[in-house]
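**Q** Before we start, here is the structure in question, set down as structure tokens.
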Amino acid sequence: MADSIQQQLQQLVLLSDSVGTAGAGVGAGSVSTVEEAMEQLGPLIHSVYRANKQKLFRQQVDIFAQRKDAEIMKLCGNYHQEFVQSVAQLLKVRQNTSELQEKVVGLNAELQLSGKSLYEKKAELLSLRREHRNIQDAVDAVRGCLDVVRMVAGFDEQ
């Protein structure tokens, strides 16, 4: 009798396993399988109490529950590990982004200083070019005057 109860329970476990795999999708097949499992559960429990094998039944149910718990923990553990790894990667990205931002701010400050220095040198160059042009214009004017002074000096000698 105990073997019969154990076999019925194993069939119910196998049936519930097929519910778990078929239950992943929505369909009429998974509903009928659940209904079949529920129909088989009643007579099984009745035969367990009639044979006074509640302890055996409880042990089998506990083993089944432990196995399902282990499956859940394994599944959740895998996803949890992936989640932890993703969070760690995000923290690294955040840190790298902060470091990159600091470098960009530093380079911007250096560029601002270089740009300011370049602007000042350009302004000084333009000023020197104006002065050079003015001096060149003055030299040309003096040369023109020199020619006139020579002509006047030439008339005075004659």
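**Q** Looking at 139, 48, which is the one that is assigned to a helix (DSSP H, G or I), open to solvent by less than 80 Å² (accessible area, probe 1.4 Å), under 30 Å from residue 7 (Cβ atoms) and not aromatic (Phe, Trp, Tyr)?
**A** 48
**Q** Can we say residue 92 is at pLDDT 80 or above, surrounded by 14 or more Cβ atoms within 10 Å (Cβ to Cβ) and part of a helix (DSSP H, G or I)?
**A** no
**Q** Go through region 51-61 and report how many residues are assigned to a helix (DSSP H, G or I) and loosely packed, with under 11 Cβ neighbours inside 10 Å.
**A** 1
The values are calculated or read from the model by the stated rules, or taken from the named source; none is laboratory data. Everything numeric here is computed off the predicted structure, so don't read it as measured data. Ideal geometry is used to build each Cβ from the backbone, glycine not excepted, and the neighbour counts take in all protein chains shown. Accessible surface areas use protein heavy atoms only, side chains included; no ligands, DNA or RNA. Shrake-Rupley method; radii C 1.70, N 1.55, O 1.52, S 1.80 Å.
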